[in-house]
Amino acid sequence: MMATAATIRAGVEQFHREHGATTRVEDAFAPWVLHKRYRLTPQEAFVQSSDGNHDGGVDGFALQRDRDDRPLLYVMQAKLSENPTLARKGLEDLRRAAGLVERLMVQGDSELPSENRVIQRMRAALYGLDAGWQQGLQVRLVLVHLLKEQELWLSSPNVQKLRRDLLNELGDGALAGRASLEFLGPPELDVADVIPAPAPTSRMQFEGTEFDIPGGDRVMLGLGRIADFVELHERYQHHLFAKNVRMFLRREASKDQSAANQIRQTLEGICNEKLPVEQFALLHNGITLTAARGKREETGVLLEPGTEGIHVLNGCQTVYTSWKFFKEWSKRRPDGAWKSRWERIRVPIRLVLTRDDERIRQVTIGANRQTSINSSAFYAHDPVQLSLEDRFARLNIFYERQQGAWDHLNNADPNHASTFINGRLEIESTARCVAAASRTLGFDLAKSPQRIFDSQEQYKRVFHEKHLRSVRFLLFLDNAYRTTKLVLQDLTKEIDKYEDLQPSRFVIPTFRLLVLWVARREQEVAEEFSRLQLQPKPSSPIRSTFRLLMRHQKTGLQQLLPEFWFENGEWQDPFDKDRFQAALSKLHLEAVDPFELFRNLDDLDEEAEDEEVAAS
């Protein structure tokens, strides 16, 4: 079956859900092509791709051999779009990428003030080749796109000029005679499943024992070197933790008694010769990791990632803290006298050799239950959460399904973090807003959102398909919830009868009534406040709008709340079912289903995008 823009986009979205640690589906297009066309494993494909700025025009790369056994470097620009303007931008970026490759060949320096990891990986791959690679290197500059009429686009005057200028520049520099252009549209791409080439192996020192487990898998228990895990992180970056339930907990790490701070103190003591190297394995928990296969050697184990990759399932804080420590000390103490002790630091490890995804999931949950962790973290890799992450990213909103992921991204890749200009939502706050807005769910779930994640049954009731049809509506709910609480706080300062009302207790029933009213009477309010996460300051439009919704000209809730909940000089239980039902009937909102009424809210964005493409 010939690929189309729709089938490619669907394939990229699925690839991103199953393998990506990035948070924008567009960033998964280059890895998808590297996987499908150049047979890289999913983990290697993501590692050899850009996920932010400062990439010099390189979205992804693959280093292979041509028929004459010469090194062949594919440098890619990938535009997950049918927009000709974006495709032309991709060609302009390839022109920058060609200059970058020339600089790496001649001087090994990109000359960029800040480098995306894809450049660092490409440099390491090139300089890891045999001597003389500069003379034999062949380069193919590849533009991947979703245009329907590639030949028509290539024949346009602007595009022809760009191609001529690029080819002329190639003829004058270090790439003269060894570089070519390639264009890949839907007809040249294949959405069928592929068997990727196995990823390169990794060696780790290991002392310990091993045993078989049911299903033909094996487990190795013993001691390994912390330096080996730092090398793994250098290679895979945050993709090493893609199957973990959380990323590095930066805010927790800043606390004096945090695990990360204690790990750092131990490493400093060892490298400063104030503590014995054995102290690390004595004081700190170990690391659980998985690989497809492992082969025992005299001094360790040879890890074979296969097509699945190598992943740390528990011990993210240990690995990341050690990696950061090593990078900082390497810069501060370039003499390297401390490294002899660093190389001897050992850590307890549990290595699970399996290809069974369900076993990996069970080990991940079991390993992380031993430390304090939110129940929501165990759903971080549920397909529903992966899909929400993709869909929110299209709105330039970061959806934090993994605990600590936002802080980790801000520190590890601030350029990528800066692309999420429209806000950040968390898995628990989203669950609370859904539970608070849905008339099919009890208030108890909204009051204690952690209960939502205590059982599969509760989780599936909240994160049901009917509640998730529109991510824009979910964003509106987040804005509306925070604004409702602030408007109630305003009333406590403005109206005497509200003086003793506790906004945090009344926000949930008030929020539900307001959402139902908007769904039935003023749907334009949801449309207006569902494009980005808002800060409802006193003079902001959303706060003014919700303040107006409370008045008698609209819902009249400013008068109804005391009418139904203020009795004998006291505010009554805000979750009293009879009182809430009376308010619901008074406003004629009994039959309103806001999730059904706003199920197509996201279509507004698709229509706007179609109009933009048509105009261009």
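The values are calculated or read from the model by the stated rules, or taken from the named source; none is laboratory data. Quantities reported herein were computed from a predicted structural model and do not represent experimental measurements. Note: ideal-geometry Cβ built from the backbone for every residue, glycine included; neighbour counts use all protein chains shown.
Of all the residues that make up the range 87-112, how many are without any contact (Cβ under 8 Å) to a residue 24 or more places away in the chain and surrounded by fewer than 20 Cβ atoms within 10 Å (Cβ to Cβ)?
Residues flagged as without any contact (Cβ under 8 Å) to a residue 24 or more places away in the chain and surrounded by fewer than 20 Cβ atoms within 10 Å (Cβ to Cβ) within the range 87-112 amount to 6.
Go through the range 204-239 and report how many residues are outside any strand (DSSP E or B) and over 28 Å from Arg341 (Cβ atoms).
Matching residues across the range 204-239 total 4.
Restricting attention to the range 308-317, does a residue exist that is within 24 Å of Leu40 (Cβ to Cβ), modelled with pLDDT of 90 or more, assigned to a strand (DSSP E or B) and out of contact with any Ser or Thr (no Cβ under 9 Å at 6 or more places or on another chain)?
No; the residues of the range 308-317 include none that is within 24 Å of Leu40 (Cβ to Cβ), modelled with pLDDT of 90 or more, assigned to a strand (DSSP E or B) and out of contact with any Ser or Thr (no Cβ under 9 Å at 6 or more places or on another chain).
If His381 satisfies every condition in (1) more than 24 Å from Asp413 (Cβ to Cβ); (2) under 23 Å from the mean Cα position of the chain (by Cα); (3) of a type outside the set (A, V, I, L, M, F, W, C) but one, which is the exception?
(1)
For Val471, indicate whether it is more than 23 Å from Phe398 (Cβ to Cβ), modelled with pLDDT of 95 or more and in contact with a helix residue (DSSP H, G or I) (Cβ under 6 Å, 6 or more places away or on another chain).
no
Among helices (runs of 4 or more DSSP H) lying entirely in the range 391-440, which contain 3 or more residues that are within 17 Å of Asp27 (Cβ to Cβ) and in contact with a Phe, Trp or Tyr (Cβ under 9 Å, 6 or more places away or on another chain)?
On the way: elements: 405-412, 414-417, 427-437.
Helices (runs of 4 or more DSSP H) meeting the threshold: 405-412.
Residue by residue through the range 104-140, note down the ones that are outside any loop (DSSP other than H, G, I, E, B) and of a type in the set (S, T, N, Q).
The answer is Gln120, Gln134, Gln135, Gln138.
Going residue by residue through the range 556-568, is there one that turns out to be on the phi > 0 side of the Ramachandran plot, at pLDDT below 95 and surrounded by 14 or more Cβ atoms within 10 Å (Cβ to Cβ)?
Within the range 556-568, one or more residues are on the phi > 0 side of the Ramachandran plot, at pLDDT below 95 and surrounded by 14 or more Cβ atoms within 10 Å (Cβ to Cβ).
Where in the range 1-50 are there helices (runs of 4 or more DSSP H), lying wholly inside it, with at least 2 residues that are buried (at least 22 other Cβ atoms within 10 Å of the Cβ) and in contact with a His (Cβ under 9 Å, 6 or more places away or on another chain)? Don't jump to the end; show me each part of the working.
Working: elements: 5-19, 29-36, 42-47.
The helices (runs of 4 or more DSSP H) meeting that bar are 29-36, 42-47.
When you look at Val58, is it within 18 Å of Arg17 (Cβ to Cβ), in contact (Cβ under 8 Å) with a residue 24 or more places away in the chain and surrounded by 24 or more Cβ atoms within 10 Å (Cβ to Cβ), yes or no?
So Val58 does not fit the description; no.
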